[in-house]
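Trainee: Sharing a structure with you now.
The values are calculated or read from the model by the stated rules, or taken from the named source; none is laboratory data. The structure displayed is predicted, hence computed values, not measured ones. Here Cβ is always computed from backbone atoms with ideal geometry, including for glycine, and neighbour counts include all displayed protein chains. Each accessible area value is taken on the protein alone, full model and side chains, heavy atoms only, with ligands, DNA and RNA left out. Shrake-Rupley method; radii C 1.70, N 1.55, O 1.52, S 1.80 Å.
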Amino acid sequence: MMPSLRKVLAASIAATIVWAAPTAVSALPTDETGSLSADADTTATTATATTATAAGNRSADHVVFLALDGFDVEYLDLVRSGEAPMPNLQRLLRAGSVTTSTGTMTSITNPSWSSVATGTWPETHRNTAYWFNTETNTARGQQRDLAVPTIAQSVREQGGTVFSAQWFILQNYGVTFGDPDGLYTQPGGDCARRTDDAVAVLRGEPVSSGGQLVTTNGIPELMTVYCDTLDAIGHEGGDVDPRIPATLTELDRQLGRIVEATKDAGIYRRTAFVVTGDHGMTTFDKGFAAEGLAAIEAAGFTPQVLTSGQSPAPGTDVVIVVGGVADVRIIGERAGDPAAVGQLKAALEALPQVRNVFDEADQARMHMSPNHGDLLVEPKQGWSFGATPAGPVGRHGATTELRVPLVLAGAGVVPGVHPRHPRHIDIAPTISELLGYAPPSGSEGRALREALRR
């Protein structure tokens, strides 16, 4: 199955931007490409935000954040065409805007949501996915470790209240089971079940949290709801799975339930709504693990592909952990040898299935986690550094899955005004700005003030 022409073109643009201005991966607001070099004043902007918000300036009493895992920006085409009606979203947009936001590398769930939650790049929050830990001599999958505070911790530290319905990246980072001021629930199930908890909290009803019924102390200032149906479907059938349109409409129904609950609670006009995804999705139906391992062996190495928890066999000197992209690290006597890394990079770049090979300098310019290996191998669209699947399936992790929709609407948002080149790291500062709080400490993003009421 071939990827869409739009996604191929977007990927080509992204690659050009990464290499031309790798210190700031760009976004595609609406239908135009823009460089983030215009945000060179981010540090000054964040500092100003800290001063202003600390004074208590507030344009929304509540923010509802809907986290849609795997919300590819191209899914909006289904909405525009009428194939996936989202009437609640469209009504909400009368009081806001939808634009295209840019994620972080690697575009994997946990590190991506970590950037959204903390306002920092992976190089700062250190949440890393699919890498080899030299200290434990094992491959790692996904994790929840964070080196900096989240938006939930920041709000709590400044006297605010938070509720999270299974947005797991906040668990024990500002919300916990049983805490009525920072409540976390993990009901499982689909988006409707998680929305049930949010609606109950808005009604002042108790919800099950870690096995006990808990009632929040009033309506929390920040409420988050996590839904991962799109991601599950995308992995099973790719980014054109026929179930996607109906899923978008169902997610819209849950959004409508939340909006109606804010109206019933009498807080709708004082509530801002933020909706976004962590990453997009790309279809692949071909794997090149055999060719990749053969190329590495031909370059004079002994490679091994590892899954989470595995350790390399004796004699292995190159370990590979695959998660959308392939994390490649030289171990043993040749570890840290620039000549060996260069030799390995040349072998991988020669493979026709490979789109990019990012070395440590590239990774640093793209603000990736320093936990990654010597090289990150990005497959061309339609391919994976793994086995060939039985049919089309989905993947993410590469620069081709960085773009997601971003909805800002409601209290404190200027209708019809699109933020300039929004990124994952701008979400937490923007929520903070809406609520009148300083952003999380260490935040590297900026509040998207051009789209907010002053």
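Trainee: Cα gyration tensor of region 126-273, axes a ≥ b ≥ c as square roots of the eigenvalues: rounded (a/c below 1.5), prolate (a/b > b/c) or oblate?
Mentor: oblate
Trainee: Can you give the angle from 0 to 90° between the axis of helix 289-298 and the longest principal axis of the chain, with both taken from C-alpha atoms, to the nearest 10?
Mentor: For helix 289-298, the angle is close to 40 degrees.
Trainee: Let me ask something else. According to the square roots a ≥ b ≥ c of the eigenvalues of the Cα gyration tensor, what is the shape class of region 255-338, taking rounded for a/c under 1.5, prolate for a/b larger than b/c otherwise, and oblate for the remainder?
Mentor: The shape class here is prolate.
Trainee: Separate question: For the chain, which whole percent of the accessible surface, found with a 1.4 angstrom probe, sits on carbon and sulfur atoms?
Mentor: 52
Trainee: With label points built 7 Å along Cα→Cβ from the Cα atoms of residue 339 and residue 387, find their separation and express it in nm.
Mentor: In this crude spin-label approximation the distance works out to 3.8 nm.
Trainee: Roughly speaking, what is the stretch gain from residue 138 to residue 235, that is 0.36 nm per residue apart minus the C-alpha to C-alpha distance, in nm to one decimal?
Mentor: Full extension of this stretch gives 32.4 nm more.
Trainee: Further, regarding this structure: Quick one: how many lysine pairs in the chain have C-alpha atoms under 26 angstrom apart, if they're 8 or more apart or on different chains?
Mentor: 5
Trainee: Hey, any idea what the orientation-averaged projected area of the convex hull of the chain's Cα atoms comes to, in nm²?
Mentor: 20.3
Trainee: Net charge near residue 166, counting Lys/Arg +1 and Asp/Glu -1 over other residues with Cβ under 15 Å of its Cβ?
Mentor: Spelling it out: positives minus negatives among the neighbours equals -4.
Trainee: What shape does region 311-416 take by its C-alpha gyration tensor, where a ≥ b ≥ c are the square roots of the eigenvalues and a/c under 1.5 counts as rounded, a/b above b/c as prolate, and the rest as oblate?
Mentor: prolate
Trainee: Restricting to DSSP H runs of at least four residues, report the calculated mean residue ellipticity at 222 nm for the chain, -39500 (n - 2.57) per run over all residues, nearest 500 deg cm²/dmol.
Mentor: -9000 deg cm²/dmol
Trainee: Roughly what would the spin-label model give for residue 307 and residue 289, points 7 Å off Cα along C-beta, in nm?
Mentor: 0.8
Trainee: For region 268-399, what is the accessible area per residue in Å², given a 1.4 Å probe and the full set of protein chains?
Mentor: With all protein chains present, region 268-399 gives 36 Å² per residue.
Trainee: Between the DSSP loop rule and a limit of at most 15 other Cβ atoms within 10 Å, which trypsin sites (Lys or Arg not before Pro) in region 137-171 are left?
Mentor: Sparse-neighbourhood loop trypsin sites (Lys or Arg not before Pro): 144.
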